[in-house]
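Everything on this sheet refers to the single structure shown next.
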Amino acid sequence: MIHVLFICHGNICRSPMAEYLFRDMVEKRGLSAQFHIASAATSREEIGNGVYPPAKRKLASVGISCTMHHARQVTKEDYAAYDYLLVAERYNIPNLMRQIKEDPDHKVYRLLDFSSRPRDIADPWYTGDFDITYHDIAEGLEGFLAYLKKENKL
């Protein structure tokens, strides 16, 4: 089983969008049993909160529910529990490293590092554009699945 943790600043926009979209993608491909998928925040600001309403609406518009989500902060223990810690943007990495201390197994990546155009995922908290964020995430997830297949992990 492949354990994947999606990470952003607050765990109310980008990382839960990635978590629930990835769950949907692997389910539709019959791969759910091969994954354990979750998300977390680097900060404590939104702990316990649900998905930000515009992010929830964007997921709902494509038939994905995220009503059971409650933001949580990443822990040092998550490093041992997950095979991939996929952050939304480069600024998440130093904040993540404060929690996990080091990355000796090279598990930390930006999600869009798996795409043909590595970059940060657009932050809808500031842009207000959840469509761009959704497309960035979908692009990264497709690239990540292609990477896993290429590496014979699927």
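The values are calculated or read from the model by the stated rules, or taken from the named source; none is laboratory data. Everything numeric in this text was worked out from a predicted model, so none of it was measured. Glycine gets a Cβ as well: all are built from the backbone with ideal geometry, and neighbour counts include every protein chain shown.
Which number in (1) surrounded by fewer than 17 Cβ atoms within 10 Å (Cβ to Cβ); (2) within 16 Å of ALA88 (Cβ to Cβ); (3) in contact with a strand residue (DSSP E or B) (Cβ under 8 Å, 6 or more places away or on another chain) marks the one condition that LYS153 misses?
Evaluating LYS153 over (1) surrounded by fewer than 17 Cβ atoms within 10 Å (Cβ to Cβ); (2) within 16 Å of ALA88 (Cβ to Cβ); (3) in contact with a strand residue (DSSP E or B) (Cβ under 8 Å, 6 or more places away or on another chain) leaves (2) as the failure.
Quick check on my filter: what residues within the range 53-73 are within 17 Å of LEU5 (Cα to Cα) and in contact (Cβ under 8 Å) with a residue 12 or more places away in the chain?
Residues satisfying the conditions are CYS66, HIS69, HIS70, ALA71, ARG72, GLN73.
Collect the residues in the range 127-154 that are farther than 18 Å from LEU85 by Cα and within 18 Å of the chain's Cα centre (by Cα), keeping them in residue-number order.
ASP129, PHE130, ASP131, ILE132, THR133, TYR134, HIS135
How many of the residues in the range 19-76 are assigned to a helix (DSSP H, G or I) and among the β-branched types (Val, Ile, Thr)?
So the answer is 1.
Only residues that are over 14 Å from LEU59 (Cβ atoms) and under 12 Å from the mean Cα position of the chain (by Cα): list them for the range 4-35, please.
Scanning the range 4-35 gives VAL4, LEU5, ILE7, CYS8, HIS9, GLY10, ASN11.
Out of the residues in the range 125-146 that are modelled with pLDDT of 95 or more and touching a Cys at 6+ places or on another chain (Cβ under 9 Å), which is nearest to GLU89 (Cα to Cα)?
THR133
For the range 94-122, give me the residue count where each residue is more than 18 Å from PHE144 (Cα to Cα) and not in a loop (DSSP other than H, G, I, E, B).
Residues in the range 94-122 being more than 18 Å from PHE144 (Cα to Cα) and not in a loop (DSSP other than H, G, I, E, B): 7 in total.
Return the residues of the range 1-18 that are part of a loop (DSSP other than H, G, I, E, B) and touching a residue at least 60 places away in the same chain (Cβ under 8 Å); say none if nothing qualifies.
Listed by number, the residues that qualify are HIS9, GLY10, ASN11, CYS13.
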